[in-house]
Amino acid sequence: MTTLTIKNLIKRTTIIQEMMTLSLIQAASRSQETFQVYLNDLKTNLFESANSIDRILQDREKSPADLSIRSRRAYQWIKHLSNDVNLREHLDALQRINLFLPQIKKPGLFKKHRVDFVFFHLGSLYKIQRKNSSLEITAQECFITAPDNVLIALLKVALEKKDSNSLQDIRNYTFSPTYQAARESLEYLDIPPDSYAVGSEFNLLDSYSRVNEIYFQGDLDKPHLVWSNRLTFRKFGHYQWDTNTVMISRTLDQPRMPAYVLDYVMFHELLHKKMGLKLVNQHRFAHTHAFRVEERKFKQFKEAQQKLNKITKKA
């Protein structure tokens with residue numbers, strides 16, 4: 001997979017984010033006329049940015065899949081907000097944050113800091129950054145449709161003690177169908193199907209097809225199949241629930257790697273997709289006893305385990 005970086009894309013993203021600060025939205029919301037002027041200006045910036053990037057990609061015969069991860073997420077965020085419904089939901093969520101923020105206690109360290117809140121296409125759920133005289137909370141874009149208690153929980157974990165109730169509210173929402181559908185849609189927005197499945201030696205589609213036919217009777221819906229960006233020597237695969245993605249370590253994409261080793265890791269991750277998580281006392285477990293029993297049904301289970309153990313020991 002080639003990597004294409006579009007100059008100034010991150011800068012454009014920053015400019016648009018600066019147009020959606022809590023204070024600017026609060027000021028624009030004082031009258032319907034003021035808000036409409038603000039909204040039109042924001043739409044113009046979003047549409048022009050998205051269209052400009054689309055033209056560049058088209059001219060180079062590339063797709064967003066060819067962008068670096070940071071640039072791709074920036075592009076997808078801009079493209080996402082170019083949709084009028086998404087933009088209004090985004091602004092509505094920030095207006096709700098403006099209402100909730102005064103209710104949250106600031107710890108002594110941050111009492112003199114201005115607090116700003118940003119929604120963006122993050123890889124994580126949220127992050128907190130201290131910037132000079134401000135404290136910036138950035139939350140995953142897919143929280144824009146979250147109920148009020150979840151937005152309040154995001155503020156609390158950033159500004160107050162990370163109480164278990166707030167963390168649980170956030171965690172529960174991320175396992176909801178609403179969040180997961182939005183997260184998957186945003187993560188693969190404008191990405192051609194199976195863009196990340198082709199490796200140097202193996203195509204993940206072939207491995208998925210073999211495993212699905214032999215072990216799942218062809219009934220398991222295909223997830224997104226992705227090779228990792230880097231070599232790993234301890235974790236060889238991962239199933240990401242919120243984006244319905246099976247990621248396989250590029251370590252396995254080697255000339256002398258037996259195909260059954262790749263198939264075993266694929267089988268392991270597809271089992272996670274099929275069996276889901278077991279909820280016990282508000283904690284979710286993936287590697288249950290039932291999972292381990294099913295995992296051992298892989299025909300070359302011992303051989304694959306031995307090969308992976310050798311790779312780990314060499315690291």
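In table form, for the structure just shown:
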{"read-out": "Estimated FRET transfer efficiency (T34, D84; beta-carbon r; R0 30 Å; 0.05)", "value": "0.95"}
{"read-out": "Amide H within-cut-off set for W227, under 5 Å, with H built and near neighbours excluded", "value": "I248"}
{"read-out": "Structure-based [θ]222 nm, the chain - -39500 (n - 2.57) summed over DSSP H runs of at least 4, per residue, nearest 500", "value": "-16000 deg cm²/dmol"}
{"read-out": "Whole-number accessible area per residue in Å² for the chain, which is evaluated in the context of all protein chains at 1.4 Å", "value": "54 Å²"}
{"read-out": "Gained length - R55 relative to T178, 0.36 nm times residue gap less alpha-carbon distance", "value": "41.1 nm"}
{"read-out": "Max mean-square fluctuation residue, GNM over the chain, Cα-Cα springs under 10 Å, options L151, L262, L205", "value": "L205"}
{"read-out": "Tensor-based shape of the range 131-193 (alpha-carbon gyration tensor, a/c under 1.5 rounded, otherwise prolate or oblate)", "value": "oblate"}
{"read-out": "Within the accessible area of the range 81-188 (1.4 Å probe), percent carbon and sulfur", "value": "51 percent"}
{"read-out": "K43-S195 pseudo-label distance in nm [points 7 Å out on the Cα-to-Cβ vector]", "value": "2.7 nm"}
{"read-out": "Cα-projected label distance for Q103 with R250, points at 7 Å along beta-carbon direction, nm", "value": "4.6 nm"}
{"read-out": "Sequence of Y264, Y38, Y126 when ordered by accessible area, the most exposed leading, probe 1.4 angstrom", "value": "Y126, Y38, Y264"}
{"read-out": "Length-normalised contact order of the range 173-226 in % [C-alpha pairs under 8 Å, at least 6 apart]", "value": "29 percent"}
{"read-out": "For the range 39-193: relative contact order, % (alpha-carbon pairs under 8 angstrom, 6 or more apart)", "value": "22 percent"}
{"read-out": "Low-density loop cleavage sites - trypsin sites (Lys or Arg not before Pro) in the range 1-81, where at most 16 other Cβ are within 10 Å (DSSP)", "value": "K7, R30, R60, K62"}
{"read-out": "Lysines with Cα under 30 Å of K62, excluding same-chain neighbours fewer than 8 positions away", "value": "K7, K11, K43, K79, K222"}
{"read-out": "Relative contact order (%) - the chain, alpha-carbon pairs under 8 angstrom, separation at least six", "value": "12 percent"}
{"read-out": "Protein accessible area in the range 189-300, 1.4 Å probe - carbon and sulfur %", "value": "50 percent"}
{"read-out": "Cα pair distances in the chain, grouped into 20 Å bins until the bin that holds the longest one, percent each", "value": "28, 52, 20, 1"}
{"read-out": "Efficiency of FRET from Cβ geometry, N229 and Q306, R₀ 35 Å, rounded to 0.05", "value": "0.85"}
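The values are calculated or read from the model by the stated rules, or taken from the named source; none is laboratory data. Just so it is clear, the structure is predicted and the values come from calculations on it, not from any experiment. So basically every Cβ, Gly included, is an ideal-geometry build from the backbone, and we count neighbours across all protein chains shown. For accessibility, only protein heavy atoms count, side chains too; no ligands or nucleic acids. Shrake-Rupley method; radii C 1.70, N 1.55, O 1.52, S 1.80 Å.
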